[in-house]
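First the structure, which I've put down as structure tokens, then a few questions once you've had a look.
The values are calculated or read from the model by the stated rules, or taken from the named source; none is laboratory data. Being a predicted model, the structure only gives us computed values, none of them experimental. Here the Cβ is made from the backbone with ideal geometry for all residues, glycine too, and neighbour counts use every protein chain on show. When the accessible area is computed, the model is the full protein with side chains, heavy atoms only, and any ligands, DNA or RNA have been set aside. Shrake-Rupley method; radii C 1.70, N 1.55, O 1.52, S 1.80 Å.
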Amino acid sequence: MKIICFGDSITRGVTYMKGRLRIIKQNYPTILQDWFGQKEGPPIEVVNKGVFNDNSAHLLERLEKDVLAEHPAIVLIGIGGNDCNFKWAEVAEFPRDDHTPTVPLDSYIENIKTIISKVKEEGITPILLAMPPLDPVRYYEYTAHLFSSKISEWICRTGGIEHWHGMYNRALKKTAKELGVKFIDIRTAMKKAGELKVLISDDGIHPTEAGYQAIASEIYHSLLSILKKEEDAAKPYSLS
């Protein structure tokens, strides 16, 4: 069985350490592969198709090559953080103007629905991942350092990134329910796993190694439950 992890930098395995963005070896697809490799039963291959800075529109553009052509049984779709982000250089330059997310909410949900539809047409099971939490204070410190503290003026007027982040995640969860698609809530799992300053790196967005462990754990146990239910459903009914 092949499982494709399809998403952005968090799927790729990016973290922020010592003032730089880096890819760590123990990202959640790698951890999943290690854990499934230790499990008895048919072999499971986990493929990492995460790309830094991707949003839902980018996923649609590479869906054929990176998912459909690979013929997986399952695709884990983790996207949204870059969709609801802003062009901070423009915000810093014009803090009194209105600014919209990179991919507006309606377009984001429409992209998700299209991805799910195309995946299902190929007999692939789509599973949506919640957007991981962020640490807003450290995120704004990092963003202000990159651009300008003037972004705080706009933030005070319109609400912080956590407002948009939560809105997109709620819409994603609602879409999964409406379409009958499985949804793995890594957001809640990370919040329960410990302090965000331990699980999220200094840029306020990308997980630490401990954060990736928490994500992998929630996905792994959710997948075991999903696969068990599918296995039981495939068994012939018996009264014995």
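Examine region 187-202 for a residue that is of a type in the set (A, V, I, L, M, F, W, C), under 15 Å from L129 (Cα atoms) and either surrounded by 15 or more Cβ atoms within 10 Å (Cβ to Cβ) or in contact with a Leu (Cβ under 9 Å, 6 or more places away or on another chain) (or both), and state whether such a residue exists.
Among the residues of region 187-202, at least one is of a type in the set (A, V, I, L, M, F, W, C), under 15 Å from L129 (Cα atoms) and either surrounded by 15 or more Cβ atoms within 10 Å (Cβ to Cβ) or in contact with a Leu (Cβ under 9 Å, 6 or more places away or on another chain) (or both), which makes the answer yes.
Here are the criteria: (1) over 26 Å from G211 (Cα atoms); (2) touching a residue at least 40 places away in the same chain (Cβ under 8 Å); (3) of a type in the set (D, E). Tell me which single one E121 does not satisfy.
It is condition (2) that E121 fails.
Of the conditions (1) at pLDDT below 95; (2) within 26 Å of I23 (Cα to Cα); (3) open to solvent by 50 Å² or more (accessible area, probe 1.4 Å), E230 clears all except one; give me its number.
So E230 meets the others, but not (2).
Pick out the one residue from S107, S9 that is within 24 Å of L223 (Cα to Cα), open to solvent by less than 70 Å² (accessible area, probe 1.4 Å), modelled with pLDDT of 95 or more and hydroxyl-bearing (S, T, Y).
One residue alone meets the criteria, S9.
So, one more: Could you look through region 164-181, keep only residues that are within 14 Å of the chain's Cα centre (by Cα) and not aliphatic (A, V, I, L, M), and pick out the one that is surrounded by the fewest Cβ atoms within 10 Å (Cβ to Cβ)?
Taking the candidates together, the pick is R170.
Separate question: Enumerate the pairs (first residue in region 220-240 and within 19 Å of P126 (Cβ to Cβ); second residue anywhere and at pLDDT 90 or above and surrounded by 11 or more Cβ atoms within 10 Å (Cβ to Cβ)) with beta-carbon separation below 7 Å, excluding pairs fewer than 6 apart on the same chain, so at least 6 apart or on different chains.
Between residues of region 220-240 that are within 19 Å of P126 (Cβ to Cβ) and residues that are at pLDDT 90 or above and surrounded by 11 or more Cβ atoms within 10 Å (Cβ to Cβ), the close pairs are Y220/L32; Y220/W35; S222/I184; I226/K182.
OK, next. Take I109 and tell me if it is over 26 Å from L32 (Cβ atoms), touching a residue at least 24 places away in the same chain (Cβ under 8 Å) and in contact with a Ser or Thr (Cβ under 7 Å, 6 or more places away or on another chain). Break it down stepwise before answering.
On the way: over 26 Å from L32 (Cβ atoms): yes; touching a residue at least 24 places away in the same chain (Cβ under 8 Å): yes; in contact with a Ser or Thr (Cβ under 7 Å, 6 or more places away or on another chain): yes.
Yes, satisfied.
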